[in-house]
Amino acid sequence: MDRITEQDIAHALEVLSLTLPITSEDLERARRVQLYHWNPSRYAGLTNSPKQYMEQYRKAEEMTRTVEAAFALVSAVFVPDDAAH
């Protein structure tokens, strides 16, 4: 990615369910919550249909990558100044 746009940042914040202003603790907590929610292993045993399971598993893998990318983008753009608080 050559240039980060406001839309990219807004999408990353939406993926992480965050609103500005944020602290580093908020960012890390949002990452942990989303990674827990989208952990592919959570989908094991939810259905007896192998096709449906694999669809859910792939979606969870994709969302895990999306959450990690959003976390990297937000943490690179916003360097929270916790010393001001």
statement: Per the filter on segment 1-19, residues surrounded by 10 or more Cβ atoms within 10 Å (Cβ to Cβ) and either in contact (Cβ under 8 Å) with a residue 60 or more places away in the chain or outside any helix (DSSP H, G or I) (or both) are 4, 8, 9, 12, 13, 16, 17, 18
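Please go through segment 25-46 and pick out each residue that is polar (S, T, N, Q) and modelled with pLDDT of 90 or more. So that I can check it myself, show each step before the final result.
First, pick out the residues of segment 25-46 that are polar (S, T, N, Q): 34, 39, 41.
Listed by number, the residues that qualify are 34, 39.
Per-residue answers, yes or no, for (1) over 11 Å from the mean Cα position of the chain (by Cα); (2) modelled with pLDDT of 95 or more; (3) surrounded by 13 or more Cβ atoms within 10 Å (Cβ to Cβ); (4) assigned to a helix (DSSP H, G or I):
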residue: 48; (1), (2), (3), (4): yes, no, no, no
residue: 64; (1), (2), (3), (4): no, yes, yes, yes
residue: 70; (1), (2), (3), (4): no, yes, yes, yes
residue: 75; (1), (2), (3), (4): yes, no, yes, yes
residue: 79; (1), (2), (3), (4): yes, no, no, no
field: Conditions (1) under 15 Å from residue 76 (Cα atoms); (2) not in a loop (DSSP other than H, G, I, E, B): number failed by residue 35
entry: (1)
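Can you tell me which residue in segment 20-30 is nearest to residue 68 (Cα to Cα), limited to those that are among the aliphatic types (A, V, I, L, M) and not in a helix (DSSP H, G or I)?
Filtering segment 20-30 down to residues among the aliphatic types (A, V, I, L, M) leaves 20, 22, 27, 30.
Subset that is not in a helix (DSSP H, G or I): 20, 22.
Working: 20: 19, 22: 17 Å.
The selected residue is 22.
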- request: Find all pairs meeting these conditions: Cβ atoms under 9 angstrom apart; at least six residues apart or on different chains; first residue within segment 46-72 and within 25 Å of residue 17 (Cα to Cα) and of a type in the set (D, E, K, R); second residue surrounded by 12 or more Cβ atoms within 10 Å (Cβ to Cβ) and modelled with pLDDT of 90 or more.
  value: 59/38; 61/38; 62/38; 68/31; 68/35
- line: Of those in segment 31-45 that are in contact with a helix residue (DSSP H, G or I) (Cβ under 8 Å, 6 or more places away or on another chain) and of a type in the set (A, V, I, L, M, F, W, C), the residue surrounded by the fewest Cβ atoms within 10 Å (Cβ to Cβ) is 44
query: Which of the residues belonging to segment 27-39 are more than 8 Å from the chain's Cα centre (by Cα) and touching a residue at least 40 places away in the same chain (Cβ under 8 Å)?
result: 27
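The values are calculated or read from the model by the stated rules, or taken from the named source; none is laboratory data. As the structure is a computational prediction, the values presented were derived from the model and not from experiment. Using ideal geometry, Cβ is built from the backbone for each residue, glycine included, and neighbour counts are taken over all protein chains shown.
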